[in-house]
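**Student:** One structure is given below, represented as structure tokens, and several questions about it will come after.
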Amino acid sequence: LIGQGYTFVTISRGCAWACVYCRATVQNERKPRFRLVSIVLEEIRQHRLKNIAFHADTATMNRKWIMEFCERVVKEIPWRVRIVTNSRVDTVDPEMLHAMKQAGFWMICYGIEAGDDRVLAMNKKEATVAQSRQAVRWTKQAGLKVWTYMMLGMYGDTKETMDATIRLACELDGDICNFAIAAPYPGTEWG
């Protein structure tokens, strides 16, 4: 999308997980809601969208939705779209990633957060370092770019665990890596 215009398309709101630092559970009470695939496709057709950023906490949490979208965009949109979206490492598989590539997805953004399983568990991430490695490997094998989100200073972090997070980011070798300083949002469990 660099050097090109793009449009955010909201496909869902909410997240089913309860990470202690995240505002999504405060805003949406852990009640994810997806828009109908047909309505999203109509927006793409009506506005002739080509470069799209899906606005969703975790687009791939609803496997049925994402697979239907991929199948239909290939059949129903007569031009090539380019889509980037957020995801979780524990919600993807090779079949899904291949379908996403065929439908025009070019980058998946993963909230990896930490390189230490103990810190991930303390923050109720419900994903592991091994799952991060696997998801990134599958994503690259599918021919998609990878954007990793990492956090330093999470609940329970130490110098050693933050070093592990930095090492994991280097090991994963994403196309883009974003580091953030963890900050509790008001209303969250950590806040």
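The values are calculated or read from the model by the stated rules, or taken from the named source; none is laboratory data. From a predicted model like this one, the values you see are computed outputs, not experimental measurements. Cβ atoms come from the backbone with ideal geometry, glycine included; neighbour counts cover every protein chain shown. With ligands, DNA and RNA removed, areas are computed over all heavy atoms of the protein, side chains included. Shrake-Rupley method; radii C 1.70, N 1.55, O 1.52, S 1.80 Å.
**Student:** Can you tell me the FRET efficiency between Trp79 and Gln141 if r is taken as the Cβ-Cβ distance and R0 is 30 Å, rounded to the nearest 0.05? Write out the running numbers ahead of the final one.
**Tutor:** Working: r = 27 Å, r/R0 = 0.89.
Calculated transfer efficiency: 0.70.
**Student:** Give the accessible area for Tyr155 in Å² (nearest 10); use a 1.4 Å probe, count only protein heavy atoms, and leave out ligands, DNA and RNA.
**Tutor:** About 110 Å², rounded to the nearest 10.
**Student:** Greater than 18 Å separation of Cα atoms is the criterion. Which listed pairs, Lys50/Lys75; Lys64/Lys101; Lys75/Lys145, meet it? Could the numbers behind the result be given before it?
**Tutor:** On the way: Lys50/Lys75 15 Å; Lys64/Lys101 16 Å; Lys75/Lys145 24 Å.
Check vs 18 Å cut-off fails for Lys75/Lys145.
**Student:** Here's something else I'd like to know. Can you list, bin by bin at 10 Å, the percent of alpha carbon pairs in the chain, starting at 0?
**Tutor:** Bin by bin from 0 Å, the calculated values are 9, 36, 35, 17, 3, 0.
**Student:** Per residue, how large is the accessible surface of the chain? Use a 1.4 angstrom probe and give square angstrom.
**Tutor:** Spelled out: the 1.4 Å probe surface of the chain, per residue, equals 51 Å².
**Student:** So which lysines can Lys159 reach, going by Cα to Cα under 23 Å and dropping same-chain residues fewer than 8 places off?
**Tutor:** Lys124, Lys125
**Student:** Quick one: if the Förster radius is 45 Å, what FRET efficiency do Arg72 and Glu171 give, using the C-beta to C-beta distance and rounding to 0.05? Present the calculation step by step, with values, prior to reporting the outcome.
**Tutor:** On the way: r = 36 Å, r/R0 = 0.81.
Using R0 = 45 Å, I get an efficiency of 0.80.
**Student:** Still on this structure: Only bridges whose two residues both fall in the chain count here: according to DSSP, what percent of them are antiparallel, nearest 5? Mind showing how you got there, number by number?
**Tutor:** Numbers: 2 of 26 bridges.
Of the beta bridges lying entirely in the chain, close to 10 percent run antiparallel.
**Student:** Run the accessible area of region 23-78 with a 1.4 Å probe and give the carbon-and-sulfur part as a rounded percent. Let's see the in-between values first.
**Tutor:** On the way: 1560 of 3280 Å².
In region 23-78, the share of accessible area belonging to carbon and sulfur is 47 percent.
**Student:** For region 2-129, what is the charge dipole size about the Cα centre, in debye to the nearest 20, if Lys and Arg each add +1 at the Cβ and Asp and Glu each add -1 at the Cβ? Could you put the intermediate results ahead of the total?
**Tutor:** Working: 20 positive and 14 negative charges, 81 e Å.
I would put it at about 400 debye.
**Student:** How much solvent-accessible surface does Glu189 expose, in Å² to the nearest 10, with a 1.4 Å probe and all protein chains in place?
**Tutor:** Ignoring ligands and nucleic acids, Glu189 comes out at about 120 Å².
**Student:** Report the normalised scattering of region 128-191 as log10 I(q)/I(0) at q = 0.16 Å⁻¹, calculated by the Debye formula with identical scatterers on the alpha carbons.
**Tutor:** Debye curve over Cα of region 128-191, log10 I(q)/I(0) at q = 0.16 Å⁻¹: -0.60.
**Student:** Take Glu160, project a point 7 Å from its Cα along the Cβ direction, then tell me which residues of region 98-114 have their backbone nitrogen under 18 Å from it.
**Tutor:** 114
**Student:** Near the amide H of His55, under 5 Å away, which other amide H atoms are found, from residues 5 or more places off or on another chain, if H is placed in the peptide plane?
**Tutor:** For His55, the qualifying residues are Val9, Thr10, Ile11.
**Student:** Now for a different question. When only Cα pairs under 8 Å and 6 or more residues apart are kept, what is the percent relative contact order across the chain?
**Tutor:** Numbers: 355 pairs, mean separation 40.1, N = 191.
Result for the chain is 21 percent.
**Student:** How much accessible area does Cys177 have with a 1.4 Å probe, in Å² rounded to the nearest 10?
**Tutor:** 60
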